[in-house]
Each structure stands twice: as structure tokens, then as C-alpha cells.
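Here the structure is laid out as C-alpha cells; the discussion comes afterwards.
The values are calculated or read from the model by the stated rules, or taken from the named source; none is laboratory data. Model, not experiment: these values are computed from the prediction. With ideal geometry, Cβ positions are generated from the backbone for all residues, glycine too; neighbour counts draw on all protein chains shown.
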Amino acid sequence: MYENLENIADFSDRELKEIMEMPGEEIAFKLATAADRVRRENYGDEVYVRGLIEFTNFCKNNCYYCGIRCGNSHAERYRLTKEQILECCEEGYGLGFRTFVLQGGEDSYFTDEIICDIVSEIHEKYEDCAITLSIGEKTKESYQAYFEAGAQRYLLRHETATEDHYKKLHPSQMSLANRKRCLYDLKEIGYQVGAGFMVESPYQTTEHLVADLRFLQKLEPDMIGIGPFITHGQTSFAKYKSGSLDKTLRMISILRLLFPYALIPATTALGTIHPQGRELGLKAGANVVMPNLSPVSVRKKYDLYENKICTGEEAAQCRGCLEQRVKGAGYRIVTARGDVRRAPHGKANR
Ligand code: 5AD
Ligand code: FES
């Protein structure tokens, strides 16, 4: 069965579980080889760049794993002004970025009116750019308003598709049902949607990972962002160990095989647990990188997890750094908007 990993869409839950758990390096190598073949068939050697602007670390939620949760009194909070956000875009545009990702905690200072004002100004100034929002759970009306202002993409990781596990990672005010509602609302409005989860988060079992894959098969998102869980000392999970490189890479490969068309980032978290993490992520099937465009002065404060890379002075130019890394891994950065390439109808989940 493992000789024909490209038929993975027909694997049973038990078979998926087996390839996730199988010890040794051989299976990981086979998965990465098959995933890279599928990725090249669909996207060649192209890697898309998204300029990430982390514009607020205020958050009303208290997710147990996250360093910017409201309960972390040690977090130094910041908000970028509209002018600062526009400066990031200007710098990014000059560096060749054609997608801006505005990411932040769930910060009620940024009302719908303020978000729409920022989005529409970016949209007017940079007509040829895609605007992605990643600002958490909102009402369908809010999502609709942002869409009309010019946002076309939205990232909202589901975090885990299993109710019991979701409850272990989040306080009772948050629910998996609402998270899923948000994702379906976003799709219905017409956004290109990104979902995803952490690998080896506390209490995660292989069954949970299988459930994540099954949920994604139903949702059919355009983007799937995953990265290892990473310990943060000022969270409830300070004593839990970070996720591994091996498991995260296996999951990237499995995702590529199940979702040939998907945009899959080699995430900052993956680069944080291993110096070559992002390069290895690309080789395992990822096709997106998200260099940090936030002002260097705030980068350390967007402190989701420990030892996050790209937060020092030397990281002012993630664009150049990543270009070299992508090249070194055997791929090519393209500056196009990089919209999703959907397979012909019915083939999306081959
Ligand atoms: N380790 C890894 N990823 C984390 N995130 C939040 N906290 C952590 C952590 N400790 C991820 C979540 C969230 C995304 C923005 O960052 O999956 O959706
Ligand atoms: Fe940020 Fe390398 S990508 S410093």
C-alpha cells in the first residue's frame, strides 16, 4: 500500500493513522517524494510569497497555547496605526509582494469600520494586490463587510476538528462549532479560505489528526496552514513539549497528496523548531512562504510561541533571506498574487 502513496485519498482512517505513526525515516522520505511530485505537477517549482503584517497583539481570547492570550499579563501589547500598516504595504510592494496578510489578535479596538477603512485604502492604492485578513472569529455580516471593502482571502485555522480536543485547548467561551460556522460563512461569501491546525499540540492523538484531514476534505479550503505546536512559558501549556519536525513534515506531505491544488505554507513555526525547517517544508510539499513585513520594533511582541524567528534587527529583510532559502531548496519565488489553482470539478480531492 505504501508503494502507491498517490492513492492516499482512498486510504482508510486506519491506513492514514499507520503512515502517520510508522517509525523510521523511510516512510517520511517516501511521503515527501510523492508529495513533491504532485506539487510539481500542479505548481511546478513556484513558491508564492505573502507579506505578513502583524498589526495588533491585543486579544480578547485566552487560548491555552497562545502567547498573546488575554491572560498573559507579561505580554507587551501594541497596535499599529493605519499609517504604519500602509507603510508596511508600501515597503512590501517595493520588495515585490502582491499579497498582504493582515494578522492580529481579536482586538475590539479594530471595529468593522476601522478594518474596512484600512482594507479599502490598501485595495485602492494597490489594485493588483490580494488582501488577506486573519483576525479571528466574527459575524457573517462583518466578514461580508470586509469582503466588500476589498479583502478576498481569510485565514482562520480550525486548530482541531475534534470537539473534546478543542475544549482542552480553549476556554469554555470558545467553541469548535462557532469556528466551523465562521469557515463556512467565509466560503459562502466567496473568500478564498485558509484553515489548518497545530501538529502535536497538547493532548493531540493520531485520531485527532485523521479527523482534521477528514474535516478539511469536507471544507475544501484553498489554503491549509499547519505548523508544530511550540511551548510558550507564559501559557497554561508551559510544561508541554513542542511538536516535532518529523511529524509536521509528514503532515505537510499528506496534505499535499490529499489536496494537490492547495496553497500550503512552510510556516514560521516550522522554521523556529529547526534551522532548515521551512526549506524542508517546501521539499515535503509546501508552496508558500510568509515573510514578516511588520516593523522590526514590534516583531518580538507578536510572541505566539517561544524563540520565534525573524524577530531581530537582522531580520529586517525576510524577503531576501527567504528568496535565498527557497532557491537553496530547489524552488523559485514568484511575485504573482498566486491564486489557488483548482482542479477541474470533482477532482479537487483526488
Ligand atoms: N505554537 C504554535 N503555533 C501557535 N499558534 C498560536 N500559538 C501557538 C503556539 N504556541 C498558531 C495558531 C494560530 C496561529 C496564528 O498561530 O494555530 O491559529
Ligand atoms: Fe525572516 Fe529569514 S525569513 S530572517
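Would you confirm whether any residue within segment 199-207 is of a type in the set (A, V, I, L, M, F, W, C), surrounded by 22 or more Cβ atoms within 10 Å (Cβ to Cβ) and in a loop (DSSP other than H, G, I, E, B)? No, segment 199-207 has no match at all.
Is it true that some residue in segment 171-181 is closer than 23 Å to Arg98 by Cα and at pLDDT 95 or above? No, segment 171-181 contains no residue that is closer than 23 Å to Arg98 by Cα and at pLDDT 95 or above. Among all positions in segment 158-165, there is no residue which is hydrophobic (A, V, I, L, M, F, W, C), in contact with a Ser or Thr (Cβ under 6 Å, 6 or more places away or on another chain), surrounded by 19 or more Cβ atoms within 10 Å (Cβ to Cβ) and farther than 21 Å from Arg50 by Cα.
Within segment 2-22, residues that are under 16 Å from Arg37 (Cβ atoms) sit with their Cβ atoms under 9 Å from residues that are polar (S, T, N, Q) and outside any helix (DSSP H, G or I), at 6+ positions apart or across chains, in these pairs: Ala9/Asn349. All of Asp107, Asp112, Asp10, Asp45 fail the test of being among the charged types (D, E, K, R) and in contact with a helix residue (DSSP H, G or I) (Cβ under 8 Å, 6 or more places away or on another chain), apart from Asp112.
Matching residues to (1) among the charged types (D, E, K, R); (2) in contact (Cβ under 8 Å) with a residue 24 or more places away in the chain; (3) surrounded by 15 or more Cβ atoms within 10 Å (Cβ to Cβ); (4) in contact with a helix residue (DSSP H, G or I) (Cβ under 8 Å, 6 or more places away or on another chain):
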position	(1), (2), (3), (4)
Arg69	yes, yes, yes, no
Ile85	no, yes, yes, yes
Phe100	no, yes, yes, yes
Asp117	yes, yes, no, yes
Asp128	yes, yes, no, no
Leu133	no, yes, yes, yes
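Selection of helices (runs of 4 or more DSSP H) fully inside segment 261-342 by the criterion of at least 1 residues being away from ligand 1 (no atom under 16 Å from the Cβ) and without any contact (Cβ under 8 Å) to a residue 60 or more places away in the chain returns 277-283, 296-299, 318-329. Residue pairs whose Cβ atoms lie under 7 Å apart, sitting 6 or more positions apart in sequence or on different chains, and linking a residue in segment 238-250 that is within 17 Å of Gly277 (Cα to Cα) to a partner that is of a type outside the set (A, V, I, L, M) and part of a helix (DSSP H, G or I), are Leu245/Gly277; Leu249/Gly281. With respect to being within 15 Å of ligand 1 (Cβ to nearest atom), surrounded by fewer than 20 Cβ atoms within 10 Å (Cβ to Cβ) and not β-branched (Val, Ile, Thr), Tyr154 falls outside the description. Number of residues in segment 275-325 that are β-branched (Val, Ile, Thr), within 19 Å of the chain's Cα centre (by Cα) and more than 9 Å from ligand 2 (Cβ to nearest atom) equals 1. When you check Gly227 against the structure, is it under 27 Å from Leu257 (Cβ atoms), within 16 Å of ligand 2 (Cβ to nearest atom) and at pLDDT 95 or above, yes or no? Taking the combined requirement at face value, the residue satisfies it. In the set (1) at pLDDT 95 or above; (2) within 22 Å of Phe97 (Cβ to Cβ); (3) of a type outside the set (A, V, I, L, M, F, W, C), Arg319 fails one condition alone, (1).
Among the residues of segment 26-60, just one is in contact (Cβ under 8 Å) with a residue 40 or more places away in the chain, more than 17 Å from Arg341 (Cβ to Cβ) and surrounded by fewer than 13 Cβ atoms within 10 Å (Cβ to Cβ), namely Lys60. For segment 167-188, indicate whether the set of residues that are in a helix (DSSP H, G or I), within 16 Å of ligand 2 (Cβ to nearest atom) and surrounded by fewer than 22 Cβ atoms within 10 Å (Cβ to Cβ) is non-empty. No, segment 167-188 has no match at all. Pull up segment 87-98, narrow it to residues that are buried (at least 21 other Cβ atoms within 10 Å of the Cβ), in contact with a helix residue (DSSP H, G or I) (Cβ under 9 Å, 6 or more places away or on another chain) and of a type in the set (A, V, I, L, M, F, W, C), then point me to the one that is modelled with the highest pLDDT. Among those that are buried (at least 21 other Cβ atoms within 10 Å of the Cβ), in contact with a helix residue (DSSP H, G or I) (Cβ under 9 Å, 6 or more places away or on another chain) and of a type in the set (A, V, I, L, M, F, W, C), it is Cys89.
Does any residue of segment 235-255 turn out to be over 25 Å from Ile333 (Cβ atoms), assigned to a helix (DSSP H, G or I) and within 15 Å of ligand 1 (Cβ to nearest atom)? Yes: segment 235-255 contains one or more residues that are over 25 Å from Ile333 (Cβ atoms), assigned to a helix (DSSP H, G or I) and within 15 Å of ligand 1 (Cβ to nearest atom).
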